1. Which residues does the label zone of Ser266 cover in the range 126-147, counting backbone N under 20 Å from a point 7 Å along Cα→Cβ?
2. Taking the number of other C-beta atoms within 10 Å as the exposure measure, put Trp32, Trp39, Trp52 in order starting with the fewest.
3. Just the Cα atoms of the range 65-197: what Rg and Dmax do they give in Å?
4. Enumerate the whole-percent occupancy of each 5 Å bin, from 0 to the last occupied one, for all C-alpha pair distances of the range 84-142.
5. Report the paramagnetic label zone for Val123: residues of the range 58-73 whose backbone N is under 14 Å from a point 7 Å from Cα along the Cα-to-Cβ axis.
6. With θ set to phi - 60°, apply the Karplus curve 6.51 cos²θ - 1.76 cosθ + 1.60 along the range 275-280 and write out the HN-Hα couplings as whole Hz, x wherever there is a Gly or Pro.
7. What FRET efficiency comes out for Phe330 versus Asp167 if R0 is 30 angstrom and r is the Cβ-Cβ distance? Round to the nearest 0.05.
8. Could you list log10 I(q)/I(0) for the range 47-398 at q = 0.06, 0.07, 0.10, 0.14 Å⁻¹, which the Debye formula gives when each Cα is one point scatterer?
Amino acid sequence: MRCMHFFPVRPSAVLRPLVAAAVMSAPLCAQWNPGAGDWGKSDASHLRVMTWNVQDGICRTNAKDVATNNWAALVRIVAVLKPDVLVLQEAGDNDGNGTGSGDDSVSQLGNVLDMFLHGGNDVYEGGVVTEYVQKYAPSFDLPYVFVSGAGDGFNRNVILSRYPFADLNGDGRSTLSNLPSIQSTQYVLGSGTPGPRGIPIAEIDLPDSTYALDLVMACSHLKAGSSSSDQDERIDSGQRFAYYADYLINGGGTATPDPFGKVNDSPPAASVIGDSAVLIHAGDFNDKVYPAEDGVRWSTRAQNSDGVGAPDGPDADRTDMAVDAATDPFTGSQVTQGSSKLDYVTYEDSLVVAASEFVFRSSSIPGGALPAELTGFFSPSAASTIASDHRPVIVDFEFPSGDCDMDGIPDSQEPDFDGDGVIDDCDNCPLPNPDQADVDMSGVGDVCEGYWCHPTFGTGTMALQFCGDAFTTQGTVTFGPQNAPGFLVVSATKLPFPVPLVPGPDSLHVTASILVPITTGPGFSTPIGPPITGGAGPTSVVWYAQVAVIHPTALTLFASNGVALTLIK
């Protein structure tokens, strides 16, 4: 289990100070122990993908201030599971929810999802949103939201992500509401369409410090129904997506996207994504394949693109993709709707491994194992049933580890004090900021700009600046008798970076260190440069340093051997 601490610095920056923080308590270790009410990831570096058909409960006309309706149940369950990427089907249908009429537009559903996650005023129904995800999981967020412009006149598919969308293949866009049309070729025939709700795709930039790969996330809500024509439409959708994935995303085994020119992609992709990003395709595939495989599902196309002969699926290595084996951890059931499994997560298993996979069903959870986010619900065991007629499917993926500091140690094994997925040696701010946004390119993350200021390096000196309170202090430290060892100790509400001493003739042998006691985690000591040595000389050293604190009254400086120290404003 990964549970790390300590402090960040991005090594590529020249002379950037070592910065660390203890403002917040150390992140709790991730836990996967449903029997104890803990549904977190077993390893914080895993990527959690969750798919859920929410049966119209997330729409603009739904009551968002009622603690007992489907909206409230959806809120609490998302707060329990805290996915890194969440794909939703049947969002935005007011008729289907029975609370209004019409489907939400893209912008309306975007506003609804913001209220779902963050609360605020209900801009459609009036009043205040009292049931929202961050009410029950304050530190959880999915700030990047893509609402598909493709719909069936009723509902829409949505992709929400902890990490930002980014153009990975050079076509000038990071999201796509639906597959482009594909000319007849091989197993793709005629002019069919990829399902009534389209297949939205989002390219996602995962932090390099944690993940060696990025992500291409696709979401499907395939045609419902048990007739042969319904089945044909599902097969047609699966074939089209398989061709798009195999030939445009992965180049069909070549270095050229769409090598046969059959995908009417405009603007065209400039490069193959291939094995630089993992493709995950999840959603409500609407095929009854459990308990008996009595239908040909989309995943057959994922495993074998033309449906016959040897596997030739659209995995990056042109073998079959994998289909989740998620089950209810308490009952072992694969069922996600009624008596069938209709909801799936499929993925390129040549690139990633499914570490944990499960179906979440509140009615299966023993009373003593209910997660905290559900215990206050009026009927905790019924939360899943109230939320939707489908049960969510969740897969935690183990990615190849990045090594951003190139020290030969996988980033998944290195400290991440603030738990934002960027290891300390590469983090530009010790406050959680997984996107590492740095608008002014200062080397200090935007989240930290209010607290941290930039060092000015001269010949062995730095200015001491209290950035959060904008005043400068110079300190003069007088050490004790000749050859007395000593060190500086800096204690603050935020961990400071090392305080370099100005080298020069001195009669002392001094090793300067920073020791910071942290009530919620270990203290640490970092040597500061080589010992200062010399012959006869002054018994005082003037030092200049930058120490980042929010409240200067919390800063304490003293020498280990009890000698004098003064701060001059």
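A short reminder: the numbers here are calculations on the coordinates, not readings from a lab. The structure displayed is predicted, hence computed values, not measured ones. Cβ: placed from backbone, ideal geometry, glycine included. Neighbour counts: every protein chain shown.
1. None, by backbone N distance to the label point.
2. Trp32, Trp39, Trp52
3. Rg, Dmax (Cα atoms, Å): 17.0, 55.
4. Reading the bins upward from 0: 4, 17, 23, 28, 19, 8, 1.
5. Inside the label zone: 60-61.
6. Working through the residues one at a time gives 8, 7, 8, 8, 8, 10 Hz.
7. Values: r = 42 Å, r/R0 = 1.41.
The value I calculate is 0.10.
8. Reported log10 I(q)/I(0), two decimals: -0.20, -0.27, -0.56, -1.13.
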